[in-house]
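The values are calculated or read from the model by the stated rules, or taken from the named source; none is laboratory data. As the structure is a computational prediction, the values presented were derived from the model and not from experiment. Here the Cβ positions follow ideal geometry from the backbone for every residue, glycine too, while neighbour counts run over all protein chains shown. Note: accessible area is taken over every heavy atom of the protein model, side chains too, but ligands, DNA and RNA are not part of it. Shrake-Rupley method; radii C 1.70, N 1.55, O 1.52, S 1.80 Å.
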Amino acid sequence: MLSPATARELDIEHGDVVTIGSDGRSVEAPVYILPGQAENSIGLQLGYGRTAAGTVAGHVAHNIDPVGVNVSTLRSIEHMHFENGVTITSTGRRHEFATTQEHFAIDRVGLEEISGRVGDLVREGTVDEYAEHPDFAHHGHEEIALWEQPEQDGPQWGMSIDLSKCIGCNACVVACQSENNIPVVGKEQVLKGREMHWLRLDRYFTGDMDDPEVVQQPVACQHCENAPCEQVCPVAATVHSDDGLNDMVYNRCIGTRYCANNCPYKVRRFNFFDYQLPVVQPEQSLKQLAFNPEVTVRSRGVMEKCTYCVQRIRNTSILADNDRRPLEDGEVQTACQQSCPAQAITFGDLKLSGSEVATEQSKPRAYGMLDELNVKPRTKYLARIRNPNPVLKATT
Amino acid sequence: MSAVPIPTRTPSESLRPPLVDGEQTLSSITETVCSIVERPQTPRAWYIAFAISSSLTLMLFGLIGYLIATGIGVWGNNSPVFWGWPIVNFVFWVGIGHAGTLISAILFLFRQQWRTSINRFAEAMTIFAVTCAGIFPAIHVGRVWLVYWLAPYPNQMAMWPNFRSPLLWDVFAVSTYATVSLLFWYLGMIPDLATLRDRATSRVRQFAYGLFALGWTGSARQWHVLEKAYLLLAALATPLVLSVHTIVSFDFAVSHVPGWHTTIFPPYFVAGAVFSGFAMVVTLLVPARHLFGLKDLITPRHLDVMCRIILATSCMVGYAYATEFFTAWYSGNRFEQFAFLNRMQGPYAWAYWTMVTCNVLIPQLYWFKRFRTSPWLMVGVAICVNIGM
Amino acid sequence: MPSERFHFPAWTNRLTRLLPIIGGAAGLYAVTILALGASPETTDVGYAPQQPVPFSHKLHAGQLKLDCRYCHTTVEEAAHAAIPPTQTCNNCHNPADANGSVATVSVHPNSEKLLPVFESQASGAPIKWERVHDLPDYACFNHSAHVTRGVSCVSCHGRVDQMEVVQQVEPLSMAWCLDCHREPAPHLRPLDRIAQLDWVPEEASEVIGARVQEELGLNPSTNCSTCHR
């Protein structure tokens, strides 16, 4: 990892493969230009390039290429974690990173446009702003409904994500993947923009690229009350449930992909190939044990997306109903919520007064992403409040 | 057939050029047209052309098989470009398929007599174009084997299709259009098939043409019924010409996607369809007219009129392009604005500018008479239009 | 030339008399297709596979009046209605022990039919029962959600207490599920009658069902994610 300024100085571009030398030892690694990396420094990640780690991480004896580059060879007893005076020379070769962050940043114009949008999508403010206008996150898109929403019995599920708490660690993404049997599609497919994560973590840089601030936002299906995907599916494979979920019925889906086209958040994922095929073979019965039996394993040609962990909602509700008692607040937890180390995600019944999620969503910082579209997302974000230490701020 | 001279000029039409050139009689026209199919020997060139096109078609079938066996991923589609290749093909072919019924139905109702030289030709092209168009929505779905779920039929799931979806409207619109186009084509052909039957020399031909001529004798009563049916069918087909591409455009216009969500789409699509359809007719007509010796029947006047239609629709399409930009700017919606900015400046700017050049700028050459009279210049422009589309 | 014209010969007019027959055939075709679609062949109604042990539900549940839940223990708590382990059989059918002595209360300790049960007990390997009622993997059915809400075993499984060999009696199709989810009252009964397969309602079943529905506050859902997730 290099900062943009250092890369400019060294005349190195994103994706160039370089030789990093130190004390007579050297490794070859591709350059990832990352705003925010300290200038005149190289950041290297340990732990990659393993040669006997398994079918995914690499096993040279079985002809499975290692993932990444082993940089441990640069370390020595004297310099375990930091090393001065390293050299960096370009090899002239290029490397293509399979990263999910840059899919939509198509060119320079696109990048500029994205940085212009960030303030709308991820809203943040400072402590002073918050003190003055607690509802600074509201951009004044109050829509008037053309018809009255019917009142529904039973719980109304909703989620809130506090961006002040989110540290961008991706634990939610991994938890979602294992809870919901989401396939791992591999580098080639990710390069084509076909990753399957239901929950993605959008990362944006704002401000000067040589001294940026980073903002991140977990985005999954927002379970819009006025969902644009539902109207366009010709076979009614995605419809609304009484408790406010945007149901996705895999076994009804014929794969026209119209819903995904019409999703403003682009959170729908399509099985372009039979990604689970290697695992559902009979000889892979051991690997099948990794599947969650409560969630359908999707085949080729169907759409899928975040369900708010509907299997947990339904199973927990059935158990509560068996005991003839109402669901308690917090009894249903989504996988992402459960795994969030910062407890940024709350989930529950919006209709239950005093529920945690209802409290969160009624805070002045709460806003809906792209709420100007009047899709009425059930997931609300709590705008991030920045409160940098003035002493630290002054030294940079 | 008796040798009645065709009234090439009636008093009221004395200022208009004749419909056909040369000293034509009804029998001479019959002779010219029929001789094409009645040649004793099929030319070698035909076999070569047929071999090339059928091998390409076989390849298409093979690749469709591969697609169905492997998955939609064999195309470059991804997120967010979920449709890409199949939708481009679909819209292109449906557009091409517009010219036939427009010439047959609308021009028939407007009593544009010149259409008679080219209508059958354009209708045949329509049938094939709509067939091509029909393939793509079917094979673009992820699970082709369940595509029949689009049809409303009683089933054990107690499920109906979603009638709110423009894609479903599309299924009905295109299938209706294909059916009516086919009927129109066949209905108009019945007397001609009878003529061929009557001229046929071999028993097999007599039988084959006879079967499809449905026992046509040419009696006054039959003509009366036929013309009435034809008129009714034309009246039914006319709204379809407008509806089919309007509904295709709903696939986009009804959606949320920036750059698609706009009310200009229905008229824009219909104009574009007529435009591309006529360009395709010209592209095919000029070589056909040359190869099959039909120059007297398809006269420079026909070509000239078609060029004028292409010119007019090109201006409409150009206007629509401009309006799209205006709407994007005027909407004040940054996503809309970016979609169009990206179209002009982004990675696909070359495609956008090719389209504008081929569809708006090059057809302006038709203002010059030379481009409307010289067949090969005309085809050049028409091919540019096909590329642009 | 006119003599060589091919017109339809006069005899073809007689073909028009075939029209009613063609129409009839088309109608017959439609009826056949619909009937085939709903036929037991298609829906697996009547599927009665041979089991490794000729266990008779008629004898055990019918004549001996064993409660369904004696063997299928989990129905009231879990989604899955457990197939009993061999030990459950052995509660009554205990084979001779290593010394050849047989408990006096053991039933048919020397029966040939019970050999697979005894083998399973000795080896610890479960008996491989054939599954009769098999829903597709994408349809999630929860037994506890039904039997604790007044839906009897008999509603889906039929009179198992009269079956020598268990067979499927209902189509188990989506429309069949929806029938009950939309109009549950006729299929509901008091909770203490759940496993009583031969129960005859004292009043009209709709009336009793409506009362049960009222008491338990039942409002079955027809959302897609109720079953598909």
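Some values worked out for this structure:
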quantity: Hits in the stretch C:191-215 - residues which are touching a residue at least 24 places away in the same chain (Cβ under 8 Å) and open to solvent by less than 40 Å² (accessible area, probe 1.4 Å); calculated: C:ILE194, C:ALA195, C:LEU197, C:TRP199, C:GLY209, C:VAL212
quantity: Pick from the stretch C:202-229, criterion of a type outside the set (A, V, I, L, M) and closer than 11 Å to C:HIS187 by Cα, ranking: nearest to the other protein chains (Cβ to nearest Cβ); calculated: C:GLN213
quantity: So B:VAL225, is it of a type outside the set (Gly, Ala, Ser) and in a helix (DSSP H, G or I); calculated: yes
quantity: Total residues in the stretch A:249-307, condition of a type in the set (A, V, I, L, M, F, W, C), part of a loop (DSSP other than H, G, I, E, B), touching a residue at least 60 places away in the same chain (Cβ under 8 Å) and within 24 Å of A:GLN337 (Cα to Cα); calculated: 6
quantity: Single unsatisfied condition, B:ARG120 versus (1) within 14 Å of chain A (Cβ to nearest Cβ); (2) part of a helix (DSSP H, G or I); calculated: (1)
quantity: Single match in B:TRP93, B:TRP75 (criterion: within 14 Å of chain A (Cβ to nearest Cβ) and either farther than 30 Å from A:GLU188 by Cα or among the aromatic types (Phe, Trp, Tyr) (or both)); calculated: B:TRP75
quantity: Helices (runs of 4 or more DSSP H) enclosed by the stretch C:41-144 - at least 2 residues per element that are closer than 30 Å to A:SER317 by Cα and open to solvent by less than 60 Å² (accessible area, probe 1.4 Å); calculated: C:68-71
quantity: Complete set of residues in the stretch A:54-69 that are touching a strand residue (DSSP E or B) at 6+ places or on another chain (Cβ under 8 Å) and surrounded by 16 or more Cβ atoms within 10 Å (Cβ to Cβ); calculated: A:GLY58, A:HIS59, A:ILE64, A:PRO66, A:VAL69
quantity: Matching residues, the stretch B:154-186, being more than 14 Å from chain C (Cβ to nearest Cβ) and open to solvent by 40 Å² or more (accessible area, probe 1.4 Å); calculated: B:PHE163, B:ARG164, B:TRP169, B:VAL171, B:PHE172, B:SER175, B:THR176, B:THR179, B:LEU182, B:LEU183, B:TRP185, B:TYR186
quantity: Residue, farthest from the chain's Cα centre (by Cα), within the stretch A:230-246, restricted to residues that are open to solvent by 10 Å² or more (accessible area, probe 1.4 Å) and either more than 9 Å from chain B (Cβ to nearest Cβ) or without any contact (Cβ under 8 Å) to a residue 12 or more places away in the chain (or both); calculated: A:ASP242
quantity: Matching entry among B:MET306, B:MET389, B:MET378 (being of a type outside the set (Asp, Glu) and open to solvent by 60 Å² or more (accessible area, probe 1.4 Å)); calculated: B:MET389
quantity: Verdict on A:GLU331 being at pLDDT 90 or above and in contact with a helix residue (DSSP H, G or I) (Cβ under 7 Å, 6 or more places away or on another chain); calculated: yes
quantity: Among the candidates B:VAL204, B:VAL130, residue that is at pLDDT below 90, open to solvent by 30 Å² or more (accessible area, probe 1.4 Å), of a type in the set (Val, Ile, Thr) and over 30 Å from C:GLY37 (Cβ atoms); calculated: B:VAL204
quantity: Selected residue (only one of B:ILE127, B:ILE135 is more than 14 Å from chain A (Cβ to nearest Cβ) and within 30 Å of A:CYS229 (Cβ to Cβ)); calculated: B:ILE135
quantity: Unique match (being within 14 Å of chain B (Cβ to nearest Cβ) and either under 24 Å from B:ALA158 (Cα atoms) or over 19 Å from the mean Cα position of the chain (by Cα) (or both)) among C:CYS156, C:CYS180; calculated: C:CYS180
